[in-house]
């Protein structure tokens, strides 16, 4: 089957449009994923847009891997606050089996006073 120039051009345009559309969907998906990751770590989700810049994305990943995340900093502060107040220890100290207080003894049926 011979191909003419218009058939090849139409096929090329279709492949190009499909590739651009798929790339755009992939890019949006990547930004949403990075946005969620940065937000859960305690950083601004807008930092995910820095992942689009070629050299900056490597710097951001290295910083992300080796720095203390804001969420961990907050967790450590809360742990220190819990350890500083009376009765607030981290990890919490639970009683050992046999050290639990005895439950109150309620009257059994037939022990109630008659009215």
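In region 33-55, what residues are over 24 Å from residue 73 (Cα atoms) and in contact with a helix residue (DSSP H, G or I) (Cβ under 8 Å, 6 or more places away or on another chain)? If you could, list the steps in order and put the result at the bottom.
Of region 33-55, the ones over 24 Å from residue 73 (Cα atoms) are 52-55.
The answer is 52, and nothing else.
Return a yes/no flag: does region 33-44 have any residue that is without any contact (Cβ under 8 Å) to a residue 12 or more places away in the chain, outside any helix (DSSP H, G or I) and closer than 23 Å to residue 68 by Cα.
Yes, that holds for at least one residue.
Every number here is computed from the coordinates shown, using simple stated rules; none is lab data. Remember, it's a predicted structure, so these values are computed and weren't measured experimentally. Every residue, glycine among them, receives a Cβ derived from its backbone with ideal geometry; neighbour counts consider all protein chains shown.
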